[in-house]
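Worksheet for the structure shown next.
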Amino acid sequence: MDRRADGIILELKVDHPVDEAIRQMKEKRYALKFESQIGGKPRYMGRILGVGIAYDRKTKKHKCKIEVLRDALTNRC
């Protein structure tokens, strides 16, 4: 496993705005799952990307939004 690679968190919303998916990832602090235990090595050194996908059942269309939830870590092994 390449710990320097980017980690991705996906959140799918049906009949809700794509911004709601991104907001949920931030509010519930999903990116913390990629962090280490106290005093341990981080699981991922790369960026943590939040990918929100919203699907509208009526129009059969989707929207996607990507945000960086955490920048890449440096000088840590």
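The values are calculated or read from the model by the stated rules, or taken from the named source; none is laboratory data. Small disclaimer: the values here were computed from a predicted structure and weren't measured. Every residue, glycine as well, gets a Cβ built from its backbone with ideal geometry; the counts of neighbours run over all protein chains shown.
Between GLU20, GLU27, the distinction of being of a type in the set (Asp, Glu), farther than 11 Å from LEU69 by Cβ, out of contact with any Lys or Arg (no Cβ under 7 Å at 6 or more places or on another chain) and modelled with pLDDT of 90 or more belongs to GLU27 only. Residues that are touching a Phe, Trp or Tyr at 6+ places or on another chain (Cβ under 6 Å), closer than 13 Å to ILE53 by Cα and surrounded by 13 or more Cβ atoms within 10 Å (Cβ to Cβ) within segment 1-18 comprise just one, ILE9. Filtering segment 24-53 to residues that are in contact with a Cys (Cβ under 8 Å, 6 or more places away or on another chain) and aliphatic (A, V, I, L, M) leaves VAL51, ILE53. If you go through segment 30-56 and pick out every residue that is more than 18 Å from GLU67 (Cβ to Cβ), in a loop (DSSP other than H, G, I, E, B) and in contact with a Lys or Arg (Cβ under 9 Å, 6 or more places away or on another chain), you end up with 5. Being under 9 Å from the mean Cα position of the chain (by Cα), surrounded by 11 or more Cβ atoms within 10 Å (Cβ to Cβ), at negative phi and of a type outside the set (D, E, K, R) holds for only one residue in ALA54, ALA31, ALA21, and it is ALA31. Residue pairs whose Cβ atoms lie under 6 Å apart, separated by 6 or more positions or on different chains, with the first residue in segment 10-32 and of a type in the set (Phe, Trp, Tyr) and the second surrounded by 14 or more Cβ atoms within 10 Å (Cβ to Cβ), are TYR30/ILE9. Name the single residue, out of those in segment 57-77 being assigned to a loop (DSSP other than H, G, I, E, B) and modelled with pLDDT under 95, that is surrounded by the most Cβ atoms within 10 Å (Cβ to Cβ). Ranking the qualifying residues of segment 57-77, first place goes to LEU73.
Summed over segment 24-77, residues that are more than 19 Å from ARG4 (Cβ to Cβ) and among the hydroxyl-bearing types (Ser, Thr, Tyr) total 3. Selection of segment 1-17 for residues being part of a strand (DSSP E or B) and modelled with pLDDT under 95 yields GLY7, ILE8.
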